Amino acid sequence: MLGEYLIEGRRASEIAASVERAVGAGRLQPGEVLPPLRELAVYLEVNPNTVAAAYRSLRDRGVIETAGRRGSRVRPRPASTSREALRVEVPPGVRDASDGNPDPSLLPPLERALAEAAARSARRPVLYGTPAVDDDLVVLARAAFAADGVTEAPVAVTSGSLDAIERVLAAHLRPGDAVAVEDPGWGSLLDLIPALGLRPVPVGVDDEGPLPEQLARAVQEGVRAVVITDRAQNPTGAAIGRARATELRTLLAENPGILLIEDDHGHGIVDLPLHPLSGVTDHWALVRSTAKAYGPDLRLAVLTGDALTIDRVRGRQRLGPGWISHLLQDTVVHLWRTSAIDPTAVAGAYGRRREALIQALAERGVRARGRSGMNVWVQVPDETGAVARLLHSGWAVAPGARFRLHSPPGIRITVSGLTDDDITPVADAVASATGVGEARRYE
């Protein structure tokens, strides 16, 4: 490798910049192994600690990844390149079933809630020194957690699920630590892990959630944390059932040093019961976002967890944004108090579309998954070709590459914008685009 590209520099910053320039110019390819630390130190005539510092800086910025004795290598995609870049550009006249957005018609009107929050702010202005979390929000959040069997614990508020997950990971982990993640899983999380200098370890998912045997293998490999979606898993729609929760809780209880993060972003749009895993490890957190139930622009998530984790999150938050706007907190309090949405009705609306599409695809020989939430996942033999052919047929779907590490190719179809009349055309287009239905007719 040294003969192909001469890494330069005497200082750690110069060596790191040299490698990063080579990656940006394509002279160091994704997956390419960097020289062993001591070998490069001899070549550059510097102290090995200098090269170690350079590699550490590159790892922290998501340029390279390290795998112990297997060495350091260029990441498959720089951390600055978001998986969102893999989205399909939807031309005029093409229906968009790729965006993962909720159905606007199922979101509650916010005018009254926002007006009430503004009026409350006028009566009781929020000034510096005001507690970060509204007392009414804490009471309602704790009551909802308790109703779902979540261990009683302190509460914090963050700017959405991803903000909460990032803060919890940063509170306990260091660059280079391994994190077990669902595969396929949430693309934003798969971007976040390496951006923090952490190493993702994929765990397969079926309709009941993470596969216990694969999570056990990840634990044996030394993961320091695991992130699990409780319901409406993105992109597969998996939801953890009672039996699976028991298996996972048992495994985690045997490894209490692992940080557990649960993402219950389906709260409010899913009628399947929550089977929480929290409380069996020393450090844990469970986060609920308002994005799917009340709209993505209502940037608020409620986080609960063990006392040390929540204290660290709050402490770091005080040094940054300080707090999440009480106007938003009061808005959510109003929505919760007035039962602005009926989760059963919303879940039913998404469920009818999801199940209708899955059934229509099955009738055409195409297997699809979608136990909860607003997405359907279809495994395909040729992901790129399927996406392109569907686009030509008038339907935009999300390429599975946005959600995969090592799992097989697939496409994600968001059902939020589909009507009853859309189901047959979509199913016909998917069967034709994937070739699965056609192939099975000749079996």
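The values are calculated or read from the model by the stated rules, or taken from the named source; none is laboratory data. This one's a predicted model, so the numbers in the text were calculated from it and none came from an experiment. All Cβ positions, even for glycine, are placed from backbone atoms using ideal geometry, and neighbour counts span all protein chains on display.
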Segment 142-180: number of residues that are among the small types (Gly, Ala, Ser) and surrounded by 23 or more Cβ atoms within 10 Å (Cβ to Cβ): 4
Quick check, is Arg95 touching a strand residue (DSSP E or B) at 6+ places or on another chain (Cβ under 8 Å), crowded, with 16+ Cβ neighbours inside 10 Å, in the same structural domain as Ser289 (by TED's automatic domain parsing) and at pLDDT 90 or above? no
Please go through segment 371-399 and give me each residue that is touching a strand residue (DSSP E or B) at 6+ places or on another chain (Cβ under 9 Å) and at positive phi, ordered by number. Gly394
What do you reckon, is Val139 free of Cβ contacts under 8 Å to residues at least 40 places away in the same chain and either among the hydrophobic types (A, V, I, L, M, F, W, C) or farther than 25 Å from Val313 by Cα (or both)? yes
Inside segment 379-401, can you point out the residues that are closer than 13 Å to Ser432 by Cβ and among the hydroxyl-bearing types (Ser, Thr, Tyr)? Ser393
Would you check if Ala119 is assigned by TED's automatic domain parsing to the domain that holds Ala291, under 26 Å from Tyr55 (Cβ atoms), at pLDDT 95 or above and not basic (Lys, Arg)? no
Restricting attention to segment 402-431, report how many residues are in a helix (DSSP H, G or I) and surrounded by 17 or more Cβ atoms within 10 Å (Cβ to Cβ). 8
Given the condition touching a residue at least 60 places away in the same chain (Cβ under 8 Å), touching a Leu at 6+ places or on another chain (Cβ under 9 Å), within 30 Å of Leu251 (Cβ to Cβ) and not in a loop (DSSP other than H, G, I, E, B), answer yes or no: does some residue in segment 327-345 qualify? no
